[in-house]
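These notes concern the structure reproduced below.
The values are calculated or read from the model by the stated rules, or taken from the named source; none is laboratory data. All values derive from a computational prediction rather than experimental measurement. Every residue, glycine among them, receives a Cβ derived from its backbone with ideal geometry; neighbour counts consider all protein chains shown.
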Amino acid sequence: MQRAALSVLELCAGAGGQALGLEQAGFAPVGLIEQNSDACATLRANRPSWNVLEMDLRNFTARDHPYAYDVDLLAAGLPRVKSMSSVRRTEDLYERDLLKATIWLANEVLPRALLVENVPNLVTSDAMADIREFIRDEMEHLGYRLQWRILQAGDFGVPQDRKQGILVALKEDVAHHFNWPEPNEKPPPTVGQALFESMAESGWKYAAEWAAQANRPAPAIVGGSSKHGGADLGPTGTKRAWDRLRVNSGTVRDIPPGPDFPWLPQGERRDFPVLTIDQVATLQGFPLDWRIQGRKTSRYRQVGHASPPPVAAAIGQQIAGALTAAPQRGPS
């Protein structure tokens, strides 16, 4: 007899990277909260049956959505939280507000488990100690045990050098069943291995030569600010890493290089092939059939801000194992 899916309420769902990974781990979303209209369109295009709520997380209350109560998992892929020393303007507190709203919502709905994905500094930095203390104060007195870990996406098959700060909080009756996922035995694919077929699909005759020298994982994919700037592959240091892979990091495009595109490995950045948004999505661990909606810059930002699905799947499998190993609680 097939086990019924576990329930999850997804916060700041974005393009659905974490939701997709959790689905693969056996979780069915009761709702997905996301403010960006293009990201909501992406979620609906790929999973028409999902209950997508286009709204600001800070305006969500469980009393208006009673299916949120007693959910098995509350999962949040939040925007990058800043330390107070990095906050310069009132609007820079937005990411902290979302994190606090997540914890307050956990206090309201009392999930059996909480998953928060964010920057590695949230786990280790002294500058983030105040926010960790806030989370402990709000969660431990309710009977949750908090576990923090930095995970490397490449350890779970993502062709990317990306570190993620993860918080898993579980109820006392569940927590001792949880173990962090073990890294894969195989190393992650290189950029060349991950993208060779797509680089060759429009007839670029140098795709094999390019792929052979793109022989390491990608640097961390970043989505940039949602308030300004266009679609490029990151700040100066990250662009230099892309240069070593012979990728033009200054923009993204809609189609891979064609038959007449040259191969100038000793050339300037402008001489290198430009990645498509679908290729960037591949480097984030999205399946080929996941359709990102919106215009180019919006699509790129959705991919860049996403949580890699394979990492979410690995964590989700461990949370699911803990939840199903522990006795199910009865109705409250």
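The rows are residues; the columns are (1) under 30 Å from Ala113 (Cα atoms); (2) outside any helix (DSSP H, G or I).
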{"residue": "Asn215", "(1), (2)": "no, yes"}
{"residue": "Arg291", "(1), (2)": "yes, yes"}
{"residue": "Gly294", "(1), (2)": "no, yes"}
{"residue": "Pro310", "(1), (2)": "yes, no"}
{"residue": "Ala313", "(1), (2)": "yes, no"}
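Name the pairs: first residue in the range 231-252 and more than 18 Å from Ala281 (Cβ to Cβ), second residue of a type in the set (A, V, I, L, M), Cβ to Cβ under 7 Å, at least 6 apart or on different chains?
Qualifying pairs under 7 Å: Lys239/Leu233; Arg246/Ala214.
Considering Gly157, Gly165, which residue is under 30 Å from Ala194 (Cβ atoms), in the same structural domain as Ala314 (by TED's automatic domain parsing), touching a Gly at 6+ places or on another chain (Cβ under 9 Å) and not aliphatic (A, V, I, L, M)?
Being under 30 Å from Ala194 (Cβ atoms), in the same structural domain as Ala314 (by TED's automatic domain parsing), touching a Gly at 6+ places or on another chain (Cβ under 9 Å) and not aliphatic (A, V, I, L, M) holds for just one of Gly157, Gly165, which is Gly157.
Of all residues in the range 233-253 being over 22 Å from the mean Cα position of the chain (by Cα) and either in a loop (DSSP other than H, G, I, E, B) or among the polar types (S, T, N, Q) (or both), which is surrounded by the fewest Cβ atoms within 10 Å (Cβ to Cβ)?
Thr236
Which of the residues belonging to the range 126-148 are surrounded by 15 or more Cβ atoms within 10 Å (Cβ to Cβ), outside any helix (DSSP H, G or I) and of a type outside the set (A, V, I, L, M, F, W, C)?
Matches in the range 126-148: Tyr144, Arg145.
Of the numbered conditions (1) surrounded by 15 or more Cβ atoms within 10 Å (Cβ to Cβ); (2) at pLDDT below 95; (3) hydrophobic (A, V, I, L, M, F, W, C), Ile166 fails exactly one; give the number of that condition.
All conditions pass for Ile166, except number (2).
Please enumerate the residues belonging to the range 35-49 that are free of Cβ contacts under 8 Å to residues at least 24 places away in the same chain and under 17 Å from Gly77 (Cβ atoms).
Gln35, Cys40
Here is a list: Ala106, Ala113, Ala41. Which entry is out of contact with any Cys (no Cβ under 7 Å at 6 or more places or on another chain), at pLDDT 95 or above and farther than 25 Å from Ala320 by Cβ?
Ala41
Return the residues of the range 271-288 that are hydrophobic (A, V, I, L, M, F, W, C) and surrounded by 16 or more Cβ atoms within 10 Å (Cβ to Cβ); say none if nothing qualifies.
We begin by selecting, within the range 271-288, every residue hydrophobic (A, V, I, L, M, F, W, C); these are 272, 274-275, 277, 280-281, 283, 286, 288.
If the condition is that a residue be hydrophobic (A, V, I, L, M, F, W, C) and surrounded by 16 or more Cβ atoms within 10 Å (Cβ to Cβ), then Phe272, Val274, Leu275, Ile277, Val280, Ala281, Leu283, Phe286 are the ones that fit.
Restricting to the range 163-197, name every residue that is touching a strand residue (DSSP E or B) at 6+ places or on another chain (Cβ under 7 Å), farther than 30 Å from Asp70 by Cβ and either touching a residue at least 60 places away in the same chain (Cβ under 8 Å) or hydroxyl-bearing (Ser, Thr, Tyr) (or both).
Correct list: Val191 only.
Looking at this structure, is Ala39 surrounded by 21 or more Cβ atoms within 10 Å (Cβ to Cβ) and closer than 18 Å to Glu23 by Cα?
Values: surrounded by 21 or more Cβ atoms within 10 Å (Cβ to Cβ): yes; closer than 18 Å to Glu23 by Cα: yes.
For Ala39, the condition - surrounded by 21 or more Cβ atoms within 10 Å (Cβ to Cβ) and closer than 18 Å to Glu23 by Cα - is met.
Tell me yes or no: at least one residue of the range 255-270 is surrounded by 15 or more Cβ atoms within 10 Å (Cβ to Cβ), at pLDDT 95 or above and either within 30 Å of His141 (Cβ to Cβ) or within 18 Å of the chain's Cα centre (by Cα) (or both).
no
Within the range 182-209, which residues are surrounded by 19 or more Cβ atoms within 10 Å (Cβ to Cβ) and either in a loop (DSSP other than H, G, I, E, B) or touching a Gly at 6+ places or on another chain (Cβ under 7 Å) (or both)?
Matches in the range 182-209: Pro188, Pro189, Thr190, Trp204.
Looking only at the range 254-283, which residues are in contact (Cβ under 8 Å) with a residue 60 or more places away in the chain and in a loop (DSSP other than H, G, I, E, B)?
If the condition is that a residue be in contact (Cβ under 8 Å) with a residue 60 or more places away in the chain and in a loop (DSSP other than H, G, I, E, B), then Pro273 is the only one that fits.
Can you report the number of residues in the range 21-54 which are closer than 21 Å to Leu99 by Cα and in a loop (DSSP other than H, G, I, E, B)?
So the count comes out to 2.
Give all pairs with beta carbons closer than 7 Å in which a residue from the range 1-20 that is modelled with pLDDT of 95 or more meets a residue that is of a type in the set (Asp, Glu) and in a loop (DSSP other than H, G, I, E, B); count only pairs at least 6 apart in sequence or on separate chains.
Leu6/Asp72; Ser7/Asp72; Val8/Asp72
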